[in-house]
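Engineer: If you scroll down you'll find the structure; I have some questions about it.
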Amino acid sequence: MPQNVAIIGASRDRAKFSNKAVRAYRQIGDRVFPIHPKEKEIEGLPVFPSLRAVTERIDRVMLYVSAGIGLALLEEIAERLPVELLLSPGSESPELIRRARELGIEPIEACPILAIGIDPDTLDAETSGDARA
């Protein structure tokens, strides 16, 4: 069953893992909600300035931001009651993990792309979407 997935820190840069995550989760049929305060469109999808701006239910949240930014967003994430919070490599910290647990979220430290069985290196950089950096 397709899930609604929010990717915080999504990027238009197709070399970045946050962009590869957008493509990978679309590839498996999930509804993807890219979150970035400055972007308008990523891979043909509308971008939301914050998680609060998404009106749909969110099943899974992924962090592709620094641990400090992620820590600042935890209250907002907890409000959405996601089933999963995935911390991509580099987004985790002991403080962020501790605070997430205090808010009732058990974070998962893993590459969100590998977690769904896709090798990020196999994602074709020439697939349709916004290829501008």
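The values are calculated or read from the model by the stated rules, or taken from the named source; none is laboratory data. For clarity, every value in this text was computed on a predicted model and none was experimentally measured. Note: ideal-geometry Cβ built from the backbone for every residue, glycine included; neighbour counts use all protein chains shown.
Engineer: Tally up the residues in segment 46-72 that are touching a helix residue (DSSP H, G or I) at 6+ places or on another chain (Cβ under 7 Å) and either outside any loop (DSSP other than H, G, I, E, B) or at pLDDT below 95 (or both), please.
Structural biologist: Selection size over segment 46-72: 8.
Engineer: Now for a different question. For Gly104, work out the one condition from (1) in a loop (DSSP other than H, G, I, E, B); (2) within 16 Å of the chain's Cα centre (by Cα); (3) of a type outside the set (A, V, I, L, M, F, W, C) it doesn't fulfil.
Structural biologist: Every condition holds for Gly104 apart from (2).
Engineer: Here's something else I'd like to know. Which of the residues that make up segment 22-41 are free of Cβ contacts under 8 Å to residues at least 60 places away in the same chain and more than 11 Å from the chain's Cα centre (by Cα)?
Structural biologist: Passing the criteria: Arg26, Gly29, Asp30, Arg31, Pro37, Lys38, Glu39, Lys40.
Engineer: Here's something else I'd like to know. When segment 26-44 is examined, which residues are found to be buried (at least 17 other Cβ atoms within 10 Å of the Cβ) and in contact with a helix residue (DSSP H, G or I) (Cβ under 7 Å, 6 or more places away or on another chain)?
Structural biologist: Within segment 26-44, Val32, Pro34, Ile35, Ile42, Glu43 meet the criteria.
Engineer: Right, another one. Is it the case that some residue within segment 53-61 is of a type in the set (Gly, Ala, Ser) and closer than 22 Å to Pro2 by Cα? Steps first, answer last, please.
Structural biologist: Going through segment 53-61, the residues of a type in the set (Gly, Ala, Ser) turn out to be 53.
The next check asks that each one be closer than 22 Å to Pro2 by Cα; those that pass are 53.
Yes - at least one qualifying residue is present in segment 53-61.
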